[in-house]
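Student: Once you've had a glance at the structure underneath, I'll fire off some questions.
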Amino acid sequence: MQYDFTSIIDRHGKDSIAVDPEMTNFVSFAATKPGFSRIPMWVADMNFATVPTVQKAIIDRAEHPAFGYFAPREEYYRAIIEWQERHNGVKGLTKEHIGYENGVLGGVVSALNVLCSKGDHVLLHSPTYVGFTGCITNNGWEIVHSPLKLDDQGIWRMDFEDMEKKIVEYKIHATVFCSPHNPCGRVWERWEIERAMELFQKYDVYVVDDEIWSDLILNGHRHIPTQSVSEDARNRTVSLYAPSKTFNLAGLVGSYHIIYNQYLRDRIDKESSLSHYNEMNLLSMYALIGAYQPEGYEWLKQLMCVLNENVEYAYQFVKTHFQGVELARPQGTYMLFLDCTEWCRKQGKTIDDLLRAGQEVGVLWQDGRMFQAPCAIRMNLALPKSLVVEAFDRLEQYVFHIS
Ligand SMILES: Cc1ncc(COP(=O)(O)O)c(C=O)c1O
């Protein structure tokens with residue numbers, strides 16, 4: 001079946017901060033000038049309808065009129081085990097290794113609660129996903145950033161020397177590793193993960209491994225699960241997954257961890273049970289089961305064709321038309337991360353000027369300072385291609401034309 005990734009769905013009034021950001025108090029955008037529609041290119045959800053089997057699974061279940069206490073069905077675990085095997089080549093995963101998480105960030109916090117004392121330092125790469133910054137600082141831990149560096153091919157790389165220096169200096173025993181990396185779009189190669197994990201083994205650093213983006217891998221790249229690179233990695237890593245990025249289900253809430261190390265698993269399960277909040281929602285369970293069906297595998301294949309096309313279009317457009325804006329070619333995710341330092345310097349503009357100019361013509365792009373990058377912008381490309389084209393045309397005509 002051919003799924004629809006070209007229709008522009010009207011999400012206004014349908015509980016979407018992407019198109020109605022006034023619903024939240026954590027972002028504000030410049031007012032859009034009359035005559036321009038708003039194109040949502042910020043928060044990490046997609047302007048596509050999810051695979052119909054998700055709706056069907058929820059509706060079928062909702063037709064039964066009792067919604068009492070429940071435990072996850074065997075199908076839930078089977079769906080995850082098959083997904084992990086087919087997408088990530090995972091062998092030997094059983095139900096006992098899988099645990100529900102009320103959001104990946106909730107899983108990060110539960111794991112760090114086990115691994116860290118208050119005030120401990122946690123190693124992160126920068127640029128950094130804004131959610132990590134929030135949940136780590138809110139809970140009283142200190143972030144130590146190890147900046148990623150662009151190599152001579154324009155690929156973001158870890159700086160292993162810097163990581164080692166900081167691990168030693170700050171006595172670090174926990175890291176949050178984002179694979180693939182948001183916002184840089186890196187899909188780490190096996191040797192890179194191996195080298196990072198060797199370092200973590202050497203200094204006994206436990207790894208909270210966020211693989212929420214691992215289904216969204218662009219052409220020519222392959223996701224390597226962190227736990228797969230060695231026996232030690234399998235035992236020192238808490239891996240977090242969700243169908244939410246892949247199938248646009250963030251509003252339904254529902255993630256899961258894979259933890260092979262029984263000591264860690266028992267402690268994290270205990271920790272996350274303490275609030276009595278970490279409980280699965282019945283309909284979110286059906287959403288995952290509906291997504292991880294044969295139709296979901298096919299839908300994702302078609303989605304990736306669309307994302308590949310959008311990312312390539314946007315990447316080439318920036319390279320060709322926005323002189324002074326630097327960017328790495330994304331390898332995964334649907335985010336583009338623009339370094340605007342040189343452009344702003346040449347034009348005598350601030351990043352606020354640039355952000356405002358785009359937002360005024362309806363391009364709702366996102367301030368890179370949230371991601372620890374002083375003069376950068378993150379753009380979400382998970383939209384029908386016609387909207388991506390429209391957004392870049394507006395940026396060229398009204399924002400970057402002066403360069
Ligand atoms: C790397 C990363 N982790 C976690 C999340 C949020 O996950 P959740 O909503 O399950 O907490 C996001 C959302 O954009 C993300 O990019």
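Student: Let me check I have the definition right: for segment 1-153, take the eigenvalues of the Cα gyration tensor, multiply each by 5, take square roots. What are those semi-axes in whole Å, largest first? The partial results should precede the final answer.
Tutor: Numbers: eigenvalues 184, 174, 72 Å².
After scaling each eigenvalue by five and taking roots: 30, 30, 19 Å.
Student: Quick check: residue separation of THR320 and ARG11 times 0.36 nm, minus the Cα distance between them. What number comes out in nm? Each step should come with its number before you reach the end.
Tutor: Numbers: separation 309, 0.36 × 309 = 111.24 nm, distance 3.21 nm.
Difference between extended and current length: 108.0 nm.
Student: Quick one: if the Förster radius is 60 Å, what FRET efficiency do LYS56 and SER126 give, using the C-beta to C-beta distance and rounding to 0.05?
Tutor: Working: r = 42 Å, r/R0 = 0.70.
My answer for the efficiency is 0.90.
Student: Suppose R0 equals 25 Å. What FRET efficiency, 1/(1 + (r/R0)^6) with r the Cβ-Cβ distance, do LEU274 and TYR170 give to the nearest 0.05? Walk me through the numbers on the way to the answer.
Tutor: Working: r = 27 Å, r/R0 = 1.09.
Plugging the Cβ-Cβ distance into 1/(1 + (r/R0)^6) gives 0.35.
Student: Longer than 31 Å from Cα to Cα, which of LYS301/LYS349; LYS118/LYS202; LYS118/LYS165; LYS165/LYS245 are they? Say none if no pair is.
Tutor: LYS301/LYS349; LYS165/LYS245
Student: Got a sec? Which residues in segment 118-157 would a label at ARG195 touch, if it sits 7 Å along Cα→Cβ and we count backbone N under 14 Å?
Tutor: So the set is 148-153, 155-157.
Student: Moving to a separate point now. Viscosity 1.002 mPa s, temperature 20 °C: what is the translational diffusion coefficient of segment 278-403 from Stokes-Einstein with a Kirkwood Rh over Cα pairs, rounded to a whole number of µm²/s? Don't jump to the answer; show the numbers that get you there.
Tutor: Working: Rh = 16.2 Å.
Reported coefficient: 132 µm²/s.
Student: Sticking with this structure for a sec: Along each of its three principal axes, how wide is the spread of alpha-carbon positions in segment 132-218, in whole angstrom units, largest first?
Tutor: Largest to smallest, the principal-axis extents are 35, 27, 20 Å.
Student: Using Cα springs under 10 Å in a Gaussian network model of the chain, which residue among CYS340, CYS375, CYS305 shows the largest mean-square fluctuation?
Tutor: In the Gaussian network model the winner is CYS305.
Student: Against the globular-protein guess of 2.2 N^0.38 Å, express the Cα radius of gyration of segment 257-321 as a ratio, rounded to two decimals.
Tutor: Numbers: Rg = 19.7 Å, N = 65, 2.2 N^0.38 = 10.7 Å.
Output field value: 1.84.
Student: Can you pull the one-decimal nm distance between simple spin-label points at LYS385 and ALA31, each 7 Å off the Cα toward Cβ?
Tutor: Between LYS385 and ALA31, the simple spin-label model gives 3.7 nm.
Student: Then there is this: Where does the chain land on Rg/Rh, using Cα atoms and the Kirkwood Rh? Can you show the working numbers first?
Tutor: On the way: Rg = 21.0 Å, Rh = 22.0 Å.
Ratio value, two decimals: 0.96.
Student: Which of the trypsin sites (Lys or Arg not before Pro) found in segment 118-165 are in a DSSP loop and have at most 11 neighbouring Cβ atoms, other than their own, within 10 Å? Walk me through the numbers before you get to the answer.
Tutor: Values: sites: LYS118, LYS149, ARG157, LYS165; in loops: LYS118.
Answer by residue number: LYS118.
Student: Taking a quarter of the surface of the Cα convex hull of segment 91-162, what do you get in nm²? Can you show the working numbers first?
Tutor: Details: hull surface 28.8 nm².
Convex hull of Cα atoms, orientation-averaged projection: 7.2 nm².
Student: Still on this structure, please answer the following. Under a point spin-label approximation (7 Å from Cα along Cα-to-Cβ), what is the TYR69-ARG329 distance to one decimal in nm?
Tutor: My value for the distance between the label points is 5.5 nm.
Student: So, one more: Kindly state, as a whole number, the per residue volume in cubic angstrom of the convex hull around the alpha carbon atoms of segment 1-71. Write down the numbers at each step before the final one.
Tutor: Values: hull volume 12.3 nm³, N = 71.
Enclosed volume per residue, from the Cα hull, is 174 Å³.
Student: Next question. Using the Cα gyration tensor of segment 341-403, with a ≥ b ≥ c the square roots of its eigenvalues, what is the shape: rounded (a/c below 1.5), prolate (a/b larger than b/c) or oblate (neither)?
Tutor: Details: a/c = 2.23, a/b = 1.30, b/c = 1.72.
Here segment 341-403 falls in the oblate category.
Student: May I pose another question? So for segment 183-242, what percent of the C-alpha to C-alpha distances run longer than 19 Å? It would help to have the intermediate numbers written out before the result.
Tutor: Working: 474 of 1770 pairs.
Beyond 19 Å sits 27 percent of the P(r) for segment 183-242.
Student: How many percent of Cα pairs in segment 162-280 exceed 18 Å? Spell out each step's value before the answer.
Tutor: Working: 3948 of 7021 pairs.
So the portion of pairs separated by more than 18 Å is 56 percent.
We did not get these values from a lab; they are worked out from the coordinates using the rules stated. For clarity, every value in this text was computed on a predicted model and none was experimentally measured. Positions of Cβ are backbone-derived with ideal geometry, glycine not excepted, and every protein chain shown enters the neighbour counts.
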